[in-house]
Amino acid sequence: MYKVFSMAARGLLSHKLRSSLSILGIVCGVMAVLSMISIGAGAKNEALRQIEQLGTRNIYLKTVSLTKGQEYKARRQLSAGLNVDDAAMIKRVCKSVEDVSCIKEVSASITGIGKEISPQFISCSSSMAGLQNLFIRYGRFIRDHDVKRGNKICVIGSQVAKSLGPTLWLGNHIRIGDHLFKIVGILKQYDYDTKNTSAISIRNYNEMVFIPLGLEKIIGQPSSGRGVAPSSLTEIIIKIKETGQVVGATAIIRRIMEVAHHGVKDFQMVVPQELLKQSQKTRRMFNIILGAIAGISLLVGGIGIMNIMLATVSERMREIGIRRAVGATRGHIIMQFLAESVILTFAGGIFGIAAGIGAVLLITTVAGWETAVTCWAVFLPLIVSVLVGIFFGLYPAYRAAFMNPIAALRYE
C-alpha cells in the first residue's frame, strides 16, 4: 500500500500546477463546510447562553404600548394593563407555577454626591433575585418585609458602585429623587455582549439600582410608554416548577391573561423555550443553505478531479499497457489511480481546513459573530473530501483497469 501511494504521489508531483488547480473546488467546498459548522456551533452556543440567562423554566409577561385605538378599546374593556393582581392570579390558578416576580422600571437619578448619576432603576419583588440568578457580592437582596413595610433600601450593580466612589458603598445612604435610600447590597460583576439582542432584552444588571416594589411612586416617574397605564407593571416573570410543564403552563397563563384583560393585547408573552426552538429552526435553515452551497462546491471539485484523472489515464495509456504486460492486475491499476484521486482530495481537504479556519477567524474579527471550531467541523469535511475522491476517482480507475493492454501498448 505504501508503494502504491508513493508512486501516486510522484505522479502528481510531476504535474504540480495541474494538480494544484484540480483541487481548488475541493478546497472551496471544505472551507464552506467548516465555516458553516463553526458559525452554526457559535450561534447555538450564543442562543443557549441567552436562553440560560433568561431561564429555560421562565415565562415573561411584558407590558406593551398601545395605539390610540387600542388604548380606547382597553378603557372600554376595563383593562388596567399588566399589574400585581395578574401575578397573584397566575400564582393562585396555575398549579405548576413555582414563583412570580413583579418588575417596574422607573425614571430617576441619584443626586447629592457632586455629580448626577442616572442608572436604570427597577422596583421589584424579593423573588427577582432567584428568578434571574442574581448573585450578591456584598450584603443582601430585597426581602419580603422590605416590600411590605416600604423600607427605603436599595441594591446596586457593580458599575453603579464604582461610579459612586469608594465611600458610598454598603451601609451608606444615597439620595434618589427627594428620598434617602440605604444601600444594603451590591451585585457581582456581570459580563455582557452589547452587540447581541433577543426577543426580550437582557438587562445590564451592572448599571441598575433595585428598590422594593411600591417605592417607585415616591422617587420618580414610571417608565411608561404611550398608551401604558401609570399603574401597570413593566414585566412579570413566572418560574415554572419543571421544564416539562412549561408548554402546558404557557397555555394556561395565556388564557388567564386573556380573561383578566378582557381580550385586550396590552401585554406580550415571551417563552425562552419557544425562542430556543425558533433559533434552532432558523439555524437548521441556515445550515441547509450553506450545506447546499458547500455540496455544490464539492460536486464541482469532484468533477474537476474526475476530469483530471481521465486526462491522466489518456496520457498514461502506454504506461498502463506496459504494467499490464509485465503482470500488473486490474486491481493494481485501480488502486494506483484511486490513490492519486484520494491524495488530491485529501490535500484539498487539508488546504480547505486551513482556509476554513482562516475564514472563521476573519468572520469573528470583522463581523463580530461568535464561532466555534469543533473536532466535528474539522474531521467531517476532511472525511467527505476523501469520499469525494474515491467516488469520482472510481470511473477513471475502472476505465484504466479494463483497458485493452494491446491497444494501450500501441497508443502513441
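The values are calculated or read from the model by the stated rules, or taken from the named source; none is laboratory data. Since this is a predicted model, take the numbers as computed values, not measurements. Methodologically, a virtual Cβ is constructed for each residue, glycine included, from the backbone with ideal geometry; neighbour enumeration extends over all protein chains shown.
For first residues located in the stretch 297-320 and assigned by TED's automatic domain parsing to the domain that holds Met31, partners that are part of a helix (DSSP H, G or I) and charged (D, E, K, R) and lie 6+ apart or on another chain with Cβ distances below 8 Å form the pairs Ile308/Arg18; Met309/Glu340; Leu310/Arg399; Thr312/Glu340; Val313/Arg399.
Pairs are defined by a Cβ separation below 9 Å, a sequence spacing of at least 6 or placement on different chains, a first member in the stretch 263-278 that is surrounded by 19 or more Cβ atoms within 10 Å (Cβ to Cβ), and a second member that is acidic (Asp, Glu); the pairs so defined are Val264/Glu258; Asp266/Glu71; Phe267/Asp86; Pro272/Glu52. Counting only helices (runs of 4 or more DSSP H) that sit wholly inside the stretch 293-412, those with at least 3 residues that are surrounded by 19 or more Cβ atoms within 10 Å (Cβ to Cβ) and within 28 Å of the chain's Cα centre (by Cα) are 330-366, 375-401. Regarding Glu46, is this residue of a type in the set (D, E, K, R) and in contact (Cβ under 8 Å) with a residue 24 or more places away in the chain? Spelling it out, Glu46 is indeed of a type in the set (D, E, K, R) and in contact (Cβ under 8 Å) with a residue 24 or more places away in the chain. Scan the stretch 266-287 for residues that are at pLDDT below 80 and of a type in the set (A, V, I, L, M, F, W, C) and the total you get is 3.
Here is the figure for the stretch 54-97: residues that are out of contact with any Phe, Trp or Tyr (no Cβ under 9 Å at 6 or more places or on another chain), assigned to a helix (DSSP H, G or I), at pLDDT below 85 and of a type outside the set (D, E, K, R) total 4.
Checking each residue in the stretch 103-155 for being part of a strand (DSSP E or B) and small (Gly, Ala, Ser) picks out Ser107, Ser123, Gly139.
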